[in-house]
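K.L.:
One structure, pasted below without further comment.
Just so you know, all these numbers are worked out from the coordinates, no wet-lab data involved. As the structure is a computational prediction, the values presented were derived from the model and not from experiment. For neighbour counting, all protein chains shown are included, and Cβ atoms are generated from backbone atoms with ideal geometry for every residue, glycine included.
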Amino acid sequence: MFPLTGVGLACYFACLAVGYVGGPFLLAVARVVVVVAGGWLALALGGGLVGLSLASAAAFALFGGGMFWVARRRFARLTTEADRARSVVLTR
């Protein structure tokens, strides 16, 4: 779980550094929703602390994996735009 948390936070701050806020914000909100809904469901079904831990782990897995996917897509797009700009400069 800790590697996904680290990847998620690294990608979160990398996206914020390049001015991309929408995707990271939505994933942070989704993480909170998963924790609250999963925790409520775990307590309602009698899961106790194990259920709460699983809800928290699922939320961090969603956040880490989602942030990796969002950052990869965003930086691939930035790289493509930079390559196009570089080719325009080189052809002039």
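K.L.:
Could you please give the count of residues in the range 11-36 that are in contact with a helix residue (DSSP H, G or I) (Cβ under 8 Å, 6 or more places away or on another chain) and of a type in the set (A, V, I, L, M)?
P.N.:
Within the range 11-36, residues that are in contact with a helix residue (DSSP H, G or I) (Cβ under 8 Å, 6 or more places away or on another chain) and of a type in the set (A, V, I, L, M) number 10.
K.L.:
Now a separate question. Please go through (1) over 23 Å from R72 (Cα atoms); (2) assigned to a helix (DSSP H, G or I) for L9 and return the number of the only condition it doesn't satisfy.
P.N.:
Of (1) over 23 Å from R72 (Cα atoms); (2) assigned to a helix (DSSP H, G or I), only one is false for L9: (1).
K.L.:
Among the residues of the range 34-55, what is the count of those that are surrounded by 12 or more Cβ atoms within 10 Å (Cβ to Cβ) and assigned to a helix (DSSP H, G or I)?
P.N.:
Number satisfying all stated conditions: 15.
K.L.:
What pairs can you find where one residue is in the range 26-55 and free of Cβ contacts under 8 Å to residues at least 40 places away in the same chain, the other is exposed (fewer than 12 other Cβ atoms within 10 Å of the Cβ) and assigned to a helix (DSSP H, G or I), and their Cβ atoms are less than 9 Å apart, with a gap of 6+ or different chains?
P.N.:
Correct list of pairs: A42/G48; A42/L49; A42/V50.
K.L.:
How many residues are assigned to a helix (DSSP H, G or I) and surrounded by 12 or more Cβ atoms within 10 Å (Cβ to Cβ) if we restrict to the range 18-31?
P.N.:
Residues in the range 18-31 being assigned to a helix (DSSP H, G or I) and surrounded by 12 or more Cβ atoms within 10 Å (Cβ to Cβ): 8 in total.
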